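Step one of this worksheet: look at the structure below.
The values are calculated or read from the model by the stated rules, or taken from the named source; none is laboratory data. These numbers come from a predicted model, not from an experiment. Glycine gets a Cβ as well: all are built from the backbone with ideal geometry, and neighbour counts include every protein chain shown. Just so you know, the surface numbers come from the protein's heavy atoms only, side chains and all, with ligands and any DNA or RNA stripped out. Shrake-Rupley method; radii C 1.70, N 1.55, O 1.52, S 1.80 Å.
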Amino acid sequence: MNGHDPLRRRHVFVVHAEDRPGVLDRVASLFRRRSYNIESLTVGRTDQPGVSRMTIVIEGDDTTARLMEANLYKLVNVLHVENLTYKPAVVRDLALIKVKATAEVRAQVLQVTDVFRARVVDIGPEALIVEITGTEDKIQGLIEVLEPYGILELVRTGAVAMTRSAEEVADRPDFIAARFPESAA
Amino acid sequence: MKLSGAQIIWEVVSREGVDTIFGYPGGAILPAYDALLDYPIHHVLVRHEQGAAHMADGYARASGNVGVCVATSGPGATNLVTGLANAHMDSSPVVAITGQVATPLIGKDAFQETDVTGVTLPVTKHNYLVTRTEDIVPTLREAFYIARSGRPGPVLVDITKDAQTGQAEFEWSDEPVSLPGYRPDLRPVSEEFRRAADLINAAERPLILAGHGVIMSAATSQVVELAEKASVPTSLTLLGLGGFPPRHPLCLGMMGMHGEAWVNTAIQRADLLIALGMRFDDRVTGNLSTYAPTAKKIHCEIDPAELNKNVRVDVGLVGDLRATLETLLPLLAKSERTDWLRYIDGLKGDSAVRDIQKLPDDGHLYTAHVINDVCRATGGQAVVATDVGQHQMWAAQYYKHESPRTLITSGGLGTMGFALPAAMGAKFARKDAEVWVIAGDGGFQMTAAELSTCAQENLNINIAIINNGYLGMVRQWQEFFYDRRYSATPIHSPDFVKLAEAHGLRGLRVESRADVEESFEAARNHEGTVVIDYRVEQEDSVYPMVPSGNDLDKMIRRPQSNPIYETADD
Ligand SMILES: Cc1ncc(C[n+]2csc(CCOP(=O)(O)OP(=O)(O)O)c2C)c(N)n1
Ligand SMILES: [Mg+2]
């Protein structure tokens, strides 16, 4: 709603949708149309056939987040939307970072990698590939530390998320009728 | 029973209660047109697919049932887009059926292949691509259900040619459609009703803002009951006109950019707005940051995504409006609110009174005269489809619609060219109704080809062309905001009388006020389409006007020197 609201923050949504052609298009089109600021969107299958699960991170105030939820529910193929922002949840991102690492600095790079509990998944004479899983901040931290050595290539999956509670049985999309967001005010 | 996909389409359409459809054939929809000959469905051959979409829209708005339009793939389907966008913005239930190239050709840039579901994604409520014959029944049933339920809207079903020619077992069931991700039947929770009722009971200066939702949910009598019981003056959006009796003492008239001055002022002074089935469009709010600054807001709306979209509300009641009001009404206390009503009367007194009938004839023909006279002649009972522009706003101001679904106008999209095809659709939906088109000389020319359809269908409608020689509404903006530099707004027109006659229709021209009555007589006594070319004052402007983005009560008023200035003592 408001471009420079001090209450802007990251909102993490988990969306369950029917796994049909065009559904991702509908979701992406919604963000573009309503000019929501999307940070990342990941999609994948779930343990339920025919249901896919998206994690969507947007930036905005709470009203924007609520409107986004309501607009997602307007998509006929969307089954369930959950805003994890204010819930205990695990949010993870995975990055592969190809760093320049000739023999003389390799030891240093390996040490940094270790401190961040990242893994080296490939080593060549000139470069190595680091894999890190973690929160946005942690990955950003590693990137900053590796920057001086020279990052040759970087890829990130975007966030995936899950609540910590054990409610998932009741909360499985096949038990849930499409809902609408909590009352407006 | 095995049927072809083409036959199945019409089996479903006729079972959905549709007796008339609007369309245009072509290669990819040929099988469906072939099968159509064997079904008792009246097909109206339009002259451009945009007309088909507007006709389906007009049919839907006049009747409340789903309107159906049909087009071929590629250009046929893309020609529907404006009409679908229009239906989408105004929540009109339309089902569009388009042919698509055969499944193996999809993605190959085949002749007349367009990604129609892609193109129409943002302008439909939902859309489908059907590639298998056995999917036609469930998909079309879903399409009709989605189009008409919840907040209605257009649904497009794109059916490949091979799905139309293929065979499948046809089975029909009356089971309600169930879609796991689609729940249109939302209900507010009871504690919200209590909060809404408390706000209404405690308000001193409440105002009802009634919109299109009142009409779509058939909630007029509940709104009247709310207004009467709690003594709440009621104003209407453009699409809400007809949703509240215009002569009711609590009816204030239209709000917004060209709304009544007293309404806009009252909104800015109110302490409570009760918004019923409307969406706080920028044309009704003006500057949002100064909108109704002293008012709390209750928003009754079927679409939860409308709550807090433009205006922050204190209580939101999500659900069908009639059901919402039925629950709310018993919680309301009777009140008088004499001071507030007297205050609004005062606002009216010293501002515009719109009845121009008493002003002397100065020899000029004004649009307001024509529309006011049409209204009197038809007792406010005709179905009136307007186009977009100045004449549309004058129609809204001067035609007092006595009942719902009688004003058919393009609100959200403001689509020029809408009036004629929409009126035609409305006439098919309500064959006994007197139907009038009120169109500008500019907009009429956008879809004038449908006159030929009127002739082919022997349609009995009356068309008032408000001919001011300008794209008047744009000219007005140029006059007010661009130093009277009339860039691309003077417009030439054909001889509309001859144009009518060339189609075998009746044409009339009216140049003075004295001849207006007679033109109605002639039009109403003629069986068939009549085109009346009203040569009106060229540079008249619509007042009051809230310049876009202005505070709602900062309106440009009609200069007093103008011959049809608004009098205070009427
Ligand atoms: C398809 C389309 N193109 C352009 C516009 C912009 N527009 C709005 S009102 C208007 C002028 C309409 O002129 P006319 O039909 O003569 O009606 P008048 O305002 O003169 O009554 C225009 C060009 C529009 N609303 N729709
Ligand atoms: Mg004009």
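Quick notes
- Matching residues in region A:79-112 - criterion: being closer than 21 Å to residue A:17 by Cα, part of a strand (DSSP E or B) and of a type in the set (A, V, I, L, M): A:79, A:81, A:89, A:90, A:91
- Test: residue in region A:33-40 that is within 10 Å of chain B (Cβ to nearest Cβ) and at pLDDT below 95: yes
- Region B:132-147, residues that are within 10 Å of chain A (Cβ to nearest Cβ) and in contact with a strand residue (DSSP E or B) (Cβ under 6 Å, 6 or more places away or on another chain): B:146
- Within region B:315-325, being open to solvent by 30 Å² or more (accessible area, probe 1.4 Å) and in contact with a helix residue (DSSP H, G or I) (Cβ under 6 Å, 6 or more places away or on another chain) holds for one residue alone: B:322.
- On the stretch given as region A:8-20, residues that are surrounded by fewer than 18 Cβ atoms within 10 Å (Cβ to Cβ) and more than 13 Å from chain B (Cβ to nearest Cβ) total 3.
- All of (1) open to solvent by 60 Å² or more (accessible area, probe 1.4 Å); (2) farther than 15 Å from residue A:152 by Cα; (3) β-branched (Val, Ile, Thr) hold for residue A:113 with one exception: (1).
- Residues of region B:193-220 satisfying the condition of being in contact (Cβ under 8 Å) with a residue 24 or more places away in the chain, surrounded by fewer than 21 Cβ atoms within 10 Å (Cβ to Cβ) and within 14 Å of chain A (Cβ to nearest Cβ): B:193, B:194, B:195, B:199
- Identity of the residue in region B:148-173, over 23 Å from residue B:94 (Cβ atoms) and modelled with pLDDT under 95, that ends up farthest from the other protein chains (Cβ to nearest Cβ): B:171
For every residue, the table says whether it meets (1) farther than 27 Å from residue A:55 by Cα; (2) assigned by TED's automatic domain parsing to the domain that holds residue A:18; (3) open to solvent by 70 Å² or more (accessible area, probe 1.4 Å); (4) not basic (Lys, Arg).
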| site | (1), (2), (3), (4) |
| --- | --- |
| A:80 | no, yes, no, yes |
| A:95 | no, no, no, yes |
| A:99 | yes, no, no, yes |
| A:106 | yes, no, no, no |
| A:118 | no, no, no, yes |
| A:130 | no, no, no, yes |
| A:134 | no, no, no, yes |
| A:137 | no, no, yes, yes |
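- Pairs are defined by a Cβ separation below 6 Å, a sequence spacing of at least 6 or placement on different chains, a first member in region B:80-92 that is within 14 Å of chain A (Cβ to nearest Cβ) and open to solvent by 10 Å² or more (accessible area, probe 1.4 Å), and a second member that is away from ligand 2 (no atom under 16 Å from the Cβ) and not in a loop (DSSP other than H, G, I, E, B); the pairs so defined are B:85/B:123; B:88/B:123; B:88/B:154.
- Filtering region A:47-67 to residues that are buried (at least 19 other Cβ atoms within 10 Å of the Cβ) and under 16 Å from the mean Cα position of the chain (by Cα) leaves A:52, A:53, A:54, A:55, A:56, A:57, A:58, A:60, A:65.
- Qualifying residue in region B:334-352 (condition: among the hydrophobic types (A, V, I, L, M, F, W, C), part of a loop (DSSP other than H, G, I, E, B) and more than 14 Å from chain A (Cβ to nearest Cβ)): yes
- Scope region A:42-86; condition basic (Lys, Arg), more than 27 Å from residue B:311 (Cβ to Cβ) and within 8 Å of another protein chain (Cβ to nearest Cβ); matching residues: none
- Residue in region B:458-482 that is nearest to the other protein chains (Cβ to nearest Cβ), counting only those that are in contact (Cβ under 8 Å) with a residue 24 or more places away in the chain, more than 8 Å from ligand 1 (Cβ to nearest atom) and open to solvent by 40 Å² or more (accessible area, probe 1.4 Å): B:481
- Of the residues screened, residue B:417 is not one that is open to solvent by 10 Å² or more (accessible area, probe 1.4 Å), part of a loop (DSSP other than H, G, I, E, B), within 16 Å of ligand 1 (Cβ to nearest atom) and not hydrophobic (A, V, I, L, M, F, W, C).
- For region B:398-410, residues that are more than 16 Å from residue B:374 (Cβ to Cβ) and surrounded by 24 or more Cβ atoms within 10 Å (Cβ to Cβ) total 1.
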